[in-house]
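> Pasting in a structure now, in structure tokens, and then I'll have a few things to ask.
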Amino acid sequence: MLARALRGAVDGFASLVLVVYLADLGFSPFSIGALVTATLLGSAVLTLAVGLAGGRLRERAVLFGACALMLLTGLGFAGFATFWPLVAVGFAGTLNPSEGDVSVFLPTEQALLADAVAGTERVALFARYNLAGALAGALGSLAVGVPELLAGALGVSRSAGFRAAFVVYGLAALPIAKLYAGLPARAPAAAVPVGEPRVPLSRSRPVVLRLTALFALDSFGGGFVVKSMLALWLFQRFGFSIQAAGNVFFAMGLLGGFSQLVSPWLAARIGLIPTMVYTHLPANAFLVLAAFMPSAPLAIAFLLLRMAFSQMDVPARQSYVMAMVPPEERAAAASVTNVPRSLATGLSPSLSGALLALSSFGWPLVIGGALKIVYDLLLLAQFRNVRPPEEPAPR
């Protein structure tokens with residue numbers, strides 16, 4: 001959880017710096033969206049490859065490799081200033097421009113966490129895990145104006161301050177790797193039973209693929225309003241400064257993080273799937289309404305209302321996936337179901353950038369919210385009566 005917090009802090013910091021840095025370099029909204037798309041698609045490819053490798057990869061080796069890639073990502077963004085080299089770094093690297101975690105770290109961490117506690121305690125553990133990342137990400141967003149202030153104090157360009165921020169992002173991989181060094185070489189509960197082939201998703205494939213298809217729809221809608229593109233909309237629509245945007249995302253991060261602590265309480269009373277759907281629906285309605293607000297305070301109010309509900313489904317979703325598959329398939333299931341958060345999300349930012357290049361109206365918010373509402377309704381229709389073993393039947 002501490003490693004997740006450190007990653008959240010630098011992700012919250014770098015994802016906002018990225019938009020302003022690229023704009024300073026003269027990139028158009030469409031080019032910024034295309035680069036964000038490359039970043040998410042690359043994360044999807046790498047995460048899927050690691051997850052499908054199943055038991056052939058040791059957990060610590062995966063996490064150490066991801067830390068090395070994180071270090072190179074920060075140095076790459078600091079060193080390049082032209083479009084195609086930055087696209088290559090974004091595709092191959094670990095930078096996370098979204099609200100949640102969509103990196104190669106995630107499936108391995110989720111599998112280790114799922115093996116650490118009993119099924120009834122899993123939602124609460126995932127809630128604390130996500131809260132650590134959300135709170136640290138909020139603090140990272142709040143500190144987004146620091147590079148600009150330091151650049152002014154030192155008499156260097158703002159772009160130089162932003163490049164230094166990416167170096168800080170990369171160097172954060174070193175203490176994270178130190179934390180991972182304390183993990184066991186392999187989680188015993190996740191080992192493949194003797195005599196069974198090491199085939200990922202051999203028993204849980206049908207349910208995982210059904211969930212993956214639905215998560216892809218949700219992620220495609222969410223891609224229109226990933227953190228970087230939502231910040232770009234605030235810059236264009238209301239003329240926000242980078243520090244003002246950082247303050248907004250700090251408040252959003254706090255609301256999204258603490259709201260996840262409600263998820264275990266709700267799940268224990270109404271079940272995992274209802275918790276996911278009944279909190280996600282109002283959040284998406286607030287997202288659509290924010291696009292129509294005529295002033296910045298009203299738009300921010302609806303975005304904050306959205307964040308008060310939109311993350312409650314995350315611990316329930318993670319726990320549901322882990323509960324529906326056997327322990328030896330959890331890493332693969334986490335990878336396959338999380339990949340759409342990068343792959344499908346990665347298809348949308350370039351479209352969002354194209355829409356913002358044509359108009360400052362919040363079409364990305366409207367389209368993204370509508371797609372996510374459709375996902376909620378389909379999830380409820382298909383999985384309302386599909387309960388994990390530890391979940392009691394509703395009274």
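> Select from region 266-280 the residues that are surrounded by 18 or more Cβ atoms within 10 Å (Cβ to Cβ) and in contact (Cβ under 8 Å) with a residue 60 or more places away in the chain and list them in ascending order. Lay out the reasoning, then the answer.
As a first pass, look at region 266-280 and keep what is surrounded by 18 or more Cβ atoms within 10 Å (Cβ to Cβ): 266-267, 271-273, 275-277, 279-280.
Those that are surrounded by 18 or more Cβ atoms within 10 Å (Cβ to Cβ) and in contact (Cβ under 8 Å) with a residue 60 or more places away in the chain: Ala267, Gly271, Leu272, Ile273, Met276, Val277, His280.
> Condition check: at negative phi, part of a helix (DSSP H, G or I) and of a type in the set (Ser, Thr, Tyr). Does Ser352 satisfy that? Can you show your working first?
Values: at negative phi: yes; part of a helix (DSSP H, G or I): yes; of a type in the set (Ser, Thr, Tyr): yes.
So Ser352 passes the test.
> Restricting to region 287-308, what's the tally of residues that are assigned to a helix (DSSP H, G or I) and closer than 16 Å to Val248 by Cα? Spell out how you get there, then give the answer.
Looking only at region 287-308, we keep the residues that are assigned to a helix (DSSP H, G or I), and these are 287-290, 296-308.
Add one more test, that the residue is closer than 16 Å to Val248 by Cα, and what stays is 287, 290, 296-308.
Adding up the residues that qualify gives 15.
> For residues in region 239-262 being more than 13 Å from Ser141 (Cβ to Cβ) and not in a helix (DSSP H, G or I), which is nearest to the chain's Cα centre (by Cα)? Before you say what the answer is, go through the steps one by one.
Start the filter on region 239-262 by keeping residues that are more than 13 Å from Ser141 (Cβ to Cβ), which leaves 239, 241, 258-262.
After this cut, where a residue has to be not in a helix (DSSP H, G or I) as well, the list is 239, 241, 260-261.
Details: Gly239: 26, Ser241: 24, Gln260: 14, Leu261: 18 Å.
The extreme case among them is Gln260.
> So if I check each of Ser259, Ser263, Ser241, which one is touching an Asp or Glu at 6+ places or on another chain (Cβ under 8 Å) and more than 27 Å from Leu347 (Cβ to Cβ)? Don't jump to the end; show me each part of the working.
Numbers: Ser259 fails: touching an Asp or Glu at 6+ places or on another chain (Cβ under 8 Å); Ser241 fails: touching an Asp or Glu at 6+ places or on another chain (Cβ under 8 Å).
Just a single option satisfies the conditions, and that option is Ser263.
> Now for a separate question. Conditions first: (1) closer than 30 Å to Leu18 by Cβ; (2) at pLDDT 85 or above. Val207 passes all but one, so which condition is the exception?
Here Val207 clears every test but (1).
> Just to be sure before I move on: is Ser335 assigned to a helix (DSSP H, G or I), of a type in the set (Ser, Thr, Tyr) and in contact with a Gly (Cβ under 6 Å, 6 or more places away or on another chain) in the structure I sent? Before you say what the answer is, go through the steps one by one.
On the way: assigned to a helix (DSSP H, G or I): yes; of a type in the set (Ser, Thr, Tyr): yes; in contact with a Gly (Cβ under 6 Å, 6 or more places away or on another chain): yes.
For Ser335, the condition - assigned to a helix (DSSP H, G or I), of a type in the set (Ser, Thr, Tyr) and in contact with a Gly (Cβ under 6 Å, 6 or more places away or on another chain) - is met.
> Give me the pairs: first residue in region 300-326 and acidic (Asp, Glu), second residue assigned to a helix (DSSP H, G or I), beta-carbon distance under 7 Å, and six or more apart or on different chains, which are they?
Asp313/Thr275; Asp313/Met276; Asp313/Thr279; Asp313/His280
> While we're looking at this one, here's another question. Name, by its number, the condition in (1) outside any helix (DSSP H, G or I); (2) under 20 Å from Pro107 (Cα atoms); (3) of a type outside the set (D, E, K, R) that does not hold for Leu131.
The number of the failed condition is (1).
> Can I ask one more? Identify, please: which residue in region 281-294 is more than 30 Å from Val208 (Cα to Cα) and free of Cβ contacts under 8 Å to residues at least 40 places away in the same chain and is, among those, surrounded by the most Cβ atoms within 10 Å (Cβ to Cβ)? Give the derivation first.
As a first pass, look at region 281-294 and keep what is more than 30 Å from Val208 (Cα to Cα): 289-294.
Those left that are additionally free of Cβ contacts under 8 Å to residues at least 40 places away in the same chain: 289, 293-294.
On the way: Leu289: 20, Met293: 18, Pro294: 6.
Out of the qualifying residues, it is Leu289.
Residue-by-condition table, conditions (1) over 18 Å from the mean Cα position of the chain (by Cα); (2) over 22 Å from Ile32 (Cβ atoms):
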site: Ser295; (1), (2): yes, yes
site: Ala299; (1), (2): yes, no
site: Ser310; (1), (2): no, yes
site: Gln318; (1), (2): no, yes
site: Thr337; (1), (2): no, yes
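> Could you name every one of the helices (runs of 4 or more DSSP H) located completely within region 1-114 that has at least 2 residues being farther than 24 Å from Ser241 by Cα and modelled with pLDDT of 90 or more?
Details: elements: 2-24, 29-52, 59-79, 83-92.
Correct list: 2-24, 59-79, 83-92.
> Only one of (1) under 19 Å from the mean Cα position of the chain (by Cα); (2) touching a residue at least 24 places away in the same chain (Cβ under 8 Å); (3) more than 25 Å from Gly256 (Cα to Cα) is not met by Ala136, so which one is it?
(3)
The values are calculated or read from the model by the stated rules, or taken from the named source; none is laboratory data. The shown structure was predicted, so the numbers you read here are calculated from the model rather than taken from an experiment. Here Cβ is always computed from backbone atoms with ideal geometry, including for glycine, and neighbour counts include all displayed protein chains.
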